[in-house]
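The block underneath contains the structure these notes are about, expressed in structure tokens.
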Amino acid sequence: MYSLALKSLLRTGGTASSIVAIALLVAILSSAQSITNHINFQTEMLEKLVYAGGPYLILSGNSTSITDSRVDAGLASKLSGLSCVRWAVPQRVIEAELETSAGSRTINIRCLDDVRGFLERMGSYINGTTPESWVEADVGEVLARAYNVNRGDELELGVGGKHVKLKIVGVFRSQTNSDAELLASMEIAYMLTGENGTVSLVEIVLQQGVDSREALSQIAQLLPENVRLVQTQQLKEFTQQMNMQTLAFLNVWSFVVYAVVAAASYIISTRLLTESSYEFSMLRALGAEKRLTLTLVLAYTLTVSLIGSVLGVALGTAGSQTASTMLRWFLPSVDLAPFIELWQAFQTITLTVASSILGCTYPALRFTHARCVEQPL
Amino acid sequence: MRLTGFRYLRRQRVAALVVITAFPSMLFSMTAFSLLGFYRGFSAYLGEGEDIMVIYDRNSRTPYTGLVPVYLADRIRAVSGVLASSAEAIAPCTLKGESVFLRGIVPEDFSKLNKLTMMEGEMIRLEDLNFMVVGRNVAERLGLNLNDKVLVSSVLTGRYLDLQVKGVFVSHSPIDDEIVAPIYVGQWLRGADYAHATIIRVKIDAKTVSRSDVLRVVEEEASGQPPPGREEEEPTEEPIIPRIVIRFRAEDIGVEEAASFMRSYMDRYGVTRESLMTLSLAVFFFSSVSIALGYKVIIAQHRGEVDVLRCLGASKRFMKVDLLAKLLPWSILASFTGTAMALATLTVIQSCGYLRVLSHTVPVQPDLLAIALNLGFIILLSALTILKSELR
């Protein structure tokens, strides 16, 4: 009796329009999803066009900036021994007070074991020479221009009551943030801070062509627990966040579409109960339990929403692809290729069916509890 | 026969109809307001008004990735009627693991184009080597406070640096979602040399200077063939930035009104105000079947009452007009309720940070055309459904 009753309900005139109503709503969702997929895919493709071989930094675990960080200076020599590491450069960055004619200014001093090598790696131009001893330093072009520092000048620098005098032997341009710094030997760091054996960071550059995941795993094995490895050029993370921003909105928007699906399902089940009240009364008269009515309404909604959602996913995806092709005829620069993943289609169908069930429950329950003479809702 | 005072439609059923009509209306309004908000926000990204021009790289596929000679800013500034000329280097970065755009500027020039109100701290100066000011939205999103020092890492190059927060500003513009630092910081993180910036924004006195005058200066500079790499020794107000005159081709550089420059990027991908409105309307039409079903159901639910009135002498047409008169105010209410629900939802999700595109908050603003279309189509749909319905 159950299957017969369901068949007769599905053959009512309103079923086709109910399926279309659900299908059109799902089509909105799947077309939006397929276009978003294309945009995200394009973003990921763009990401591959940029060479992401930026250095990795070893910083102390609790630091938010380089100047606050302290790591063991010995780490650099351990890491240099790895075949996957092209170079590992320990650096100490100190904030120091520079006495100028205009007053005291805070500047950064980057202390290095090999200033010349550091400048060469950055492809810098230098007017002068690199420091030969700890009393000499090179100044970046931007810092030199900002505080009127010239080659041959002697600068007095202070950190917490300790002072040193450094002679500027070269002005360099590296097109990096070092142009706003003073480059000096590592001894200066020990003189100004009194700290020995620690640096602010170790900058690591991997050998070209090595598997970065494997290389990072090797590096991580040598690191103590209180340090962290930071990737500098986080292109993948950046593009992922850009995509996530779109998806976050799409998810909230989808919630409203599912609310409309639930509302549509409410209408569909109400219509079914109104237009098929005679059939339901007949079933009751023939001895059907109240539960059967509820089951029939739920089964009807489930069938309609399932067919509607499958149709909707197909319609939305095919529709957006057709629209993209037509758009390309008028705007050749627009190269849209919308697509939908299988799991997304499955997710959409599942959520649509769930929303529909939710939407039809109230009218079905009301009808089940109503007496034969009453009209629900 | 007069039925004005005869309330034969059940309140609960009408309430259900209002809810059912309000949801598609909400969906349409939400789609239209967010898409048009994005369009409006993106168009206004570099400034609004005919007096703001942008000098840009014609070969760039996005507004963030072009490169133009910085020295053009000085040349254009010297033209009579040009009120401000601001070279800006925009760099996508990560900060505390979050994506953010950093804009390198010359503060003195930038302030003539954008008024930044400092909520905390103070504005940066060009010689503030390791400082930045952050927009209110960025400060809230990343939990940045005055004097915080953070590691900023470039996305396009392997460069990184510490920057200290010198101030938090509000501008009620897309810049509230950005970090602002001296121009050379932007150039480092963008991977550009000191001769290039992403764009140059120019503010003109529209009565005395036009776009073609600015374009002429650019063309003259391009044809002047200055020696490549020559550094200007002329005294400048900001000696921090090396002034480098470079050779460029006039056809590579464009001059456009700021808003139309941004719109031209969207036009390339078929994104126009009209196409977005059409897309929103498509959403409405796709969901309108539910509204039509709703009206059909309410008529079916009241078939008994309608049949009785028909037996008492009411014509079909009379009944349909009466149904329409009784349901139309509710349709209008449903349309406005949907619009209000959409605005409230968008405002909530915007404040939660879910309404962002390219790390910039999408402004939510009701669009009068969208509201009118929503109302008009709901009235039309309800009228058509009721008048076309089958009465016994």
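Descriptive notes on the structure:
- From the list B:R2, B:R103, B:R13, B:R77, the one residue that fits, being modelled with pLDDT of 90 or more and of a type in the set (D, E, K, R), is B:R103.
- Counting only residues that are of a type in the set (S, T, Y), more than 11 Å from chain B (Cβ to nearest Cβ) and surrounded by 15 or more Cβ atoms within 10 Å (Cβ to Cβ), the range A:49-92 holds 2 of them.
- Taking helices (runs of 4 or more DSSP H) as the structural unit, those lying wholly within the range A:1-107 and holding at least 3 residues that are outside the structural domain of A:K165 (by TED's automatic domain parsing) and modelled with pLDDT under 90 correspond to A:2-10, A:14-49.
- Residues considered: A:S185, A:S178, A:S212. Of these, the only one that is in the same structural domain as A:E141 (by TED's automatic domain parsing) and within 21 Å of B:A91 (Cβ to Cβ) is A:S178.
- Criterion: buried (at least 20 other Cβ atoms within 10 Å of the Cβ), within 24 Å of A:A262 (Cα to Cα), within 14 Å of chain A (Cβ to nearest Cβ) and in contact (Cβ under 8 Å) with a residue 40 or more places away in the chain - qualifying residue of B:I386, B:I298: B:I298
- Flag for A:N108 being within 14 Å of chain B (Cβ to nearest Cβ) and under 38 Å from the mean Cα position of the chain (by Cα): yes
So that you can scan it fast, the table gives a plain yes or no per residue for (1) crowded, with 19+ Cβ neighbours inside 10 Å; (2) more than 10 Å from chain A (Cβ to nearest Cβ):
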position	(1), (2)
B:L355	yes, no
B:L358	yes, no
B:P366	no, yes
B:I378	yes, yes
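- Top-ranked residue of the range A:220-239 - restricted to ones that are at the interface with another protein chain (Cβ under 9 Å from one of its Cβ atoms) and assigned to a helix (DSSP H, G or I), ranked as surrounded by the fewest Cβ atoms within 10 Å (Cβ to Cβ): A:E237
- Matching helices (runs of 4 or more DSSP H) fully within the range B:293-392 where at least 3 residues are more than 27 Å from B:T278 (Cα to Cα): B:303-311, B:316-351
- From the options B:V218, B:V133, B:V202, B:V180, residue that is touching a helix residue (DSSP H, G or I) at 6+ places or on another chain (Cβ under 8 Å) and under 30 Å from A:I58 (Cα atoms): B:V180
- Flag for A:K167 being modelled with pLDDT of 90 or more and of a type in the set (K, R): yes
Residue-wise test of (1) away from chain A (no Cβ under 12 Å); (2) not basic (K, R).
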residue	(1), (2)
B:D51	yes, yes
B:S85	yes, yes
B:E88	yes, yes
B:T94	no, yes
B:F101	no, yes
B:K115	yes, no
B:I124	yes, yes
B:L156	no, yes
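- Top-ranked residue of the range A:93-104 - restricted to ones that are β-branched (V, I, T) and buried (at least 20 other Cβ atoms within 10 Å of the Cβ), ranked as nearest to A:V71 (Cα to Cα): A:V93
- Of note, B:R136 satisfies the criterion of being in contact with an Asp or Glu (Cβ under 6 Å, 6 or more places away or on another chain), touching a residue at least 24 places away in the same chain (Cβ under 8 Å) and not assigned by TED's automatic domain parsing to the domain that holds B:L358.
The values are calculated or read from the model by the stated rules, or taken from the named source; none is laboratory data. Model, not experiment: these values are computed from the prediction. Using ideal geometry, Cβ is built from the backbone for each residue, glycine included, and neighbour counts are taken over all protein chains shown.
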